[in-house]
Amino acid sequence: GVVASPSTLAPRVPPTTNPSLTNPPTHKRTPKDFIFGKVIGEGSFSTVYIAKDIHTSKEYAIKVCDKSHIIKQKKTEYVKREKEVLNMLADAKHSFVRLFCTFQDAERLYFVMSYAKNGELLPHINKVGSFDIECTKFYSAEILRGLEYLHGLGIIHRDLKPENILLDDKMHVLITDFGCAKILKDDPETPADADAQQQQRFRERSGSFVGTAQYVSPELLINNSVSRASDLWALGCLVYQMVAGLPPFRSRSEYVMFQKILKLEYDIPDGFCELARSFVNQLLVLEPTQRLGALDEHGAGYPSIRAHPFFEGVDFETLHEQTPPPIY
Ligand SMILES: Nc1ncnc2c1ncn2[C@@H]1O[C@H](COP(=O)(O)OP(=O)(O)OP(=O)(O)O)[C@@H](O)[C@H]1O
Ligand SMILES: O=C(O)C[C@H](Cc1nc2cc(Cl)cc(Cl)c2[nH]1)c1ccc(Cl)cc1
Ligand SMILES: O=C(O)C[C@H](Cc1nc2cc(Cl)cc(Cl)c2[nH]1)c1ccc(Cl)cc1
């Protein structure tokens, strides 16, 4: 959960020798409570460092956002949404990057998050070319678990892709990057309209075509609408990419890529495994309501997706306790 609200600043106690005795004060943290280490990543207005809490010696990833940059790029809504959604996920026991606390100084905002020691999923796919059936089943199941939790809260991620699937020290999935997420307010039935911030992110990002556009759903292209089923489309793209080593819809030209998405033009290499092909085929469906899982009622997970033969033998309830299959 997020560190409690700032009480009167407790006197800074020097770290005692026995960390078990330091019950870290719950005062609002400041950058001085951390030893900042190396940069582990850069965003368009953020830098992510590895950092150590001087009271507990625990390691975190701290995302530092430059305030003037956020304002200049009109990203305050995006940052506010990211914080809001991460706080809603505070009680999740698995599948997501945790937000431990936030604080600011004159120039910057600080997000103290769990550190995904094994980085993004994408390089792990690229390193081996493509996943075998065991890895694909395990990682698809972990991502599905995350989507079940997210959609149960009425949150649509809207930007699921291998760069936003991080891996912890034990190689379990930590879904991240919720700035683009949609929180369904009252009527979770009707698909929500893609709001300005998603369009801005999508148009501006896809303008430079940095990969966000590859997983865009047909409904977003056709009538600017998104629903939980948009994340199921992205899941289909993710499973295809784990199996194929490449995303299903590819082209140097973004326009041609969009055409392929709208015409559902993707190929399954020969020698394909029937179960994976069938699973992907039932998610990459143009009509959102026809996608596998789209008719499962909200908040009760995705029984029809779990039941697909592709997940034969997967125990969804104990995934986060299992040792992930080796990637080779
Ligand atoms: N909790 C984390 N643990 C480890 N690495 C992280 C963590 N959060 C982010 N990163 C890495 O840091 C880099 C920057 O992430 P950040 O969220 O700041 O920007 P981004 O989402 O990649 O880009 P943009 O801000 O344009 O959306 C990414 O490559 C990401 O993989
Ligand atoms: O202390 C809090 O939690 C609330 C502040 C609120 C807040 N101050 C901001 C300044 C800027 Cl420039 C942009 C956003 Cl989105 C801002 N949000 C805050 C601080 C840090 C972080 Cl990471 C997020 C929000
Ligand atoms: O059995 C193997 O190792 C090779 C097969 C080949 C294969 N099956 C595929 C299914 C799809 Cl949907 C796409 C591609 Cl590129 C596919 N390639 C395969 C099947 C399923 C998985 Cl998960 C991985 C690899």
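The simple Förster model, with R0 at 30 Å and r as the Cβ-Cβ distance, assigns residue 286 and residue 307 a FRET efficiency of 0.85. Loop-located GluC sites (Glu not before Pro) in region 100-146 (DSSP state other than H, G, I, E, B) with a sparse environment of at most 11 neighbouring Cβ atoms within 10 Å: 107.
Mean separation of Cα pairs under 8 Å and 6 or more residues apart, divided by the residue count, gives region 214-328 a relative contact order of 25 percent.
Around the amide H of residue 119, modelled in the peptide plane, lie the amide H atoms of 167, all under 5 Å away and 5 or more residues distant in sequence or on another chain. Evaluated at q = 0.19, 0.23 Å⁻¹, a Debye calculation over the C-alpha positions of region 216-328 (equal weights, vacuum) places log10 I(q)/I(0) at -1.10, -1.40. For residue 155, the residues whose modelled amide H falls within less than 5 Å of its own, excluding neighbours fewer than 5 places apart on the same chain, are 184.
Read-outs: derived from the displayed coordinates by stated rules, not from any lab. Every value quoted in this text rests on a predicted model; they were computed, and no experiment measured them. Cβ coordinates were reconstructed from backbone atoms using ideal geometry, including for glycine residues, and neighbour counts include every protein chain displayed.
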